[in-house]
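Here the structure comes first, spelled out in structure tokens, and everything after it is commentary.
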Amino acid sequence: MTNCENMRESMGRWLDGELSPSESAAVQAHVATCAGCAEARRQLESLQRALTGVLVADAAPIEFIPFWREVQRRINSKRPWYEDISQWAREVFTAPRVAWGVPVVIVVLLAVFSLDSYFPGNPFGGGRNSFASVESIDAHGRSVALLRENESKTTVIWLYQNEEGENETGEDRSQAGPTF
Amino acid sequence: MKLAKIAPRLALLFSLSLVAQQDFTGAAEKNPQSVQVTIRSILAENKNDEFDAKLKGMEQQLKSLKYRSYRSLKDDTKSVPWQGTQSFDIPGGRILTVAPQEFQDNRVSLKVRLTQGDTPVVDTTVKIPNKGNFILGGPPHEGGVLVLSISAAAQ
């Protein structure tokens, strides 16, 4: 980096009065002897003047007193209830997207588990309530079998004939026996 | 981009509405007035491979019993009040008595008694998923076996 480049880098801060006295003296001495840097200084000064002029011209018309009076009035005035609710709703419904993740997952899982009520036997319901459950059974001395068939989700109570036989037609008893 | 922004909110609202509906239907289920009980009497045999077209909806359930033929003998549907009792005539001079006990978790609890004449054949208490069924089978009938499909729907 040449001496001129170093000086031009420091020139802005020099014009703003931000350099130390020794740095300021060095820049000033260089600008006095270097035509290029003197030209750069003139350009920077004219840019600074133009910006200052614009800012001053625009800032002047702003009326701060009525502005602050209105702010004060709004702070002191009581808001209606519906504005409070709408404010609350805005805050809740405009939360960061990540914050939605957990409740959405929980509620979707709840919804999936409740699908069984709407669509019994759906593949996501886990088949919790698909089977009939036998709480008690008394076959009055007969043999009885309880079968649960997974594919069709069927509960079967099967009564076997007793020793005396109940076959009304007297046919081969093997026909009356279950063949699960 | 807009859709991606509102998608999580839509998903949340949809899920909330599902849960709310679940609550409402759950509340409705708590006090059903009666139970519609349907008894299907079926004759299962090994004589031929005939499958009664009326039993089409039960094909998968019946096939698990491994008989060769199934014939529908009788269908009977009655509305039974809670804690009430209703009797169904079953082929072969049998009577099936059904008494709904309670309705909980979308399941109907039924007390069922099968008798032949004055002789009790079986007494059982079964909890059936609402609008579901169970099979009671085994009593011999006309050279085959009698298979009863007992279904219940809370109303």
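Looking at (1) crowded, with 17+ Cβ neighbours inside 10 Å; (2) modelled with pLDDT of 85 or more, which one does A:Ser136 not meet, given that it meets all the others? Every condition holds for A:Ser136 apart from (1). One residue stands out in the stretch B:96-155 among those that are more than 8 Å from chain A (Cβ to nearest Cβ) and of a type in the set (D, E, K, R): the one that is surrounded by the fewest Cβ atoms within 10 Å (Cβ to Cβ), namely B:Asp118. Exactly one of these conditions fails for A:Lys153: (1) in contact with a strand residue (DSSP E or B) (Cβ under 7 Å, 6 or more places away or on another chain); (2) modelled with pLDDT of 75 or more; (3) surrounded by 18 or more Cβ atoms within 10 Å (Cβ to Cβ). Give me its number. Only one criterion in (1) in contact with a strand residue (DSSP E or B) (Cβ under 7 Å, 6 or more places away or on another chain); (2) modelled with pLDDT of 75 or more; (3) surrounded by 18 or more Cβ atoms within 10 Å (Cβ to Cβ) is unmet by A:Lys153, namely (1).
Annotation note: of A:Arg79, A:Arg8, A:Arg13, the sole residue that is surrounded by 10 or more Cβ atoms within 10 Å (Cβ to Cβ), charged (D, E, K, R), modelled with pLDDT under 90 and assigned to a loop (DSSP other than H, G, I, E, B) is A:Arg79. Within the stretch B:104-124, the residues that satisfy the criterion of being in contact with a strand residue (DSSP E or B) (Cβ under 6 Å, 6 or more places away or on another chain) and more than 11 Å from B:Gln83 (Cα to Cα) are B:Arg107, B:Val108, B:Val112, B:Arg113, B:Leu114, B:Thr115, B:Gln116, B:Val121, B:Val122, B:Asp123, B:Thr124.
Do we find a residue being under 14 Å from the mean Cα position of the chain (by Cα) and in contact (Cβ under 8 Å) with a residue 60 or more places away in the chain anywhere in the stretch B:112-126? No: zero hits.
The values are calculated or read from the model by the stated rules, or taken from the named source; none is laboratory data. The shown structure was predicted, so the numbers you read here are calculated from the model rather than taken from an experiment. Reconstructed Cβ throughout: ideal geometry from the backbone, glycine too, with neighbour counts over all protein chains shown.
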